[in-house]
Amino acid sequence: MTYKPTAAEIEIYKQSQQERDESSSDEGTQRGSSSHGPNYTDYINRRVTYKEMRNNEFQEIFIRAVHPMTSFADDDDEFAPAISVLGVFFDISVASSSVILPLINWSTVSRCKTPIVLWLFVSAGILLIKAIKSALFVWILKTRRRDLKLKFIFDVLSLLLITLFELVWLVYAHTFQFSAASFECKYQTQEAGVWHLVILIMSLSYLTLVHVILIVVRLSCALRKKKGKVS
């Protein structure tokens, strides 16, 4: 599903382009703004400049790169909220297992010479934060679906604070998970299943890495396409 701009957004974009081409004087800008005053007062209470429009365009491109299957214009779209709700329950269930399994099998897990328990506990925290993030995303879709700036800030902070730390934690897992001590721990805790749980969480982090790569590819392609249109 693709984003469908409103008539007001299209009109404002055309207006900003005309003002840029014709004149940059304050007088001309005021004339262009006042001609649409009574029709879109909720959107044009502040003067729309060309720089602001460019910022909005980049934010929209970025959001589409992060959420290519989500329609932020269609209020009846229930697919993305449903998937996000399922993600909340899945993250919570895996996070719970990451804490419960080591605790109920502490007598065997504590003999492992690798920091597997610490890694699982921190991973549980990451998964719980991701569940909260998914819940907030559902709230945005339900109440602030058309708030471009809010979605942009939300996605940037999620990538920088949550996704980046998750990938760093994945790299840390590689420092011990496939070592000789780790395989010894695997046989000691075979019934507990904690070693395989680490592999499961690492696989989820690999999916996150693929998602980040796809975001970069989609964003670069969209910016190149936009640059080609401008030139």
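Values quoted throughout were computed directly from the atomic coordinates according to the rules given, and no laboratory measurement underlies them. Just so you know, these numbers come straight off a predicted model, no measurement behind them. Here Cβ is always computed from backbone atoms with ideal geometry, including for glycine, and neighbour counts include all displayed protein chains.
How big is D, in µm² s⁻¹, for the stretch 137-216 by Stokes-Einstein at 10 °C and 1.306 mPa s if Rh is the Kirkwood radius over C-alpha pairs?
Calculated translational D: 106 µm²/s.
Arrange the following residues from fewest to most other Cβ atoms within 10 Å of their Cβ: 204, 159.
159, 204
Mind checking the stretch 152-219 for chymotrypsin sites (Phe, Trp or Tyr not before Pro) that DSSP puts in a loop (not H, G, I, E or B) and that have at most 12 other Cβ atoms within 10 Å?
Answer in residue order: 178.
Among 133/225; 142/226; 149/227; 130/226; 151/226; 133/186, which pairs are too far apart, with a Cα-Cα distance over 28 Å?
133/225; 142/226; 130/226; 133/186, as the Cα separations exceed 28 Å there.
Restricting attention to the stretch 143-231, which GluC sites (Glu not before Pro) occupy a DSSP loop and are surrounded by at most 12 other Cβ atoms within 10 Å?
Passing sites in the stretch 143-231 are 191.
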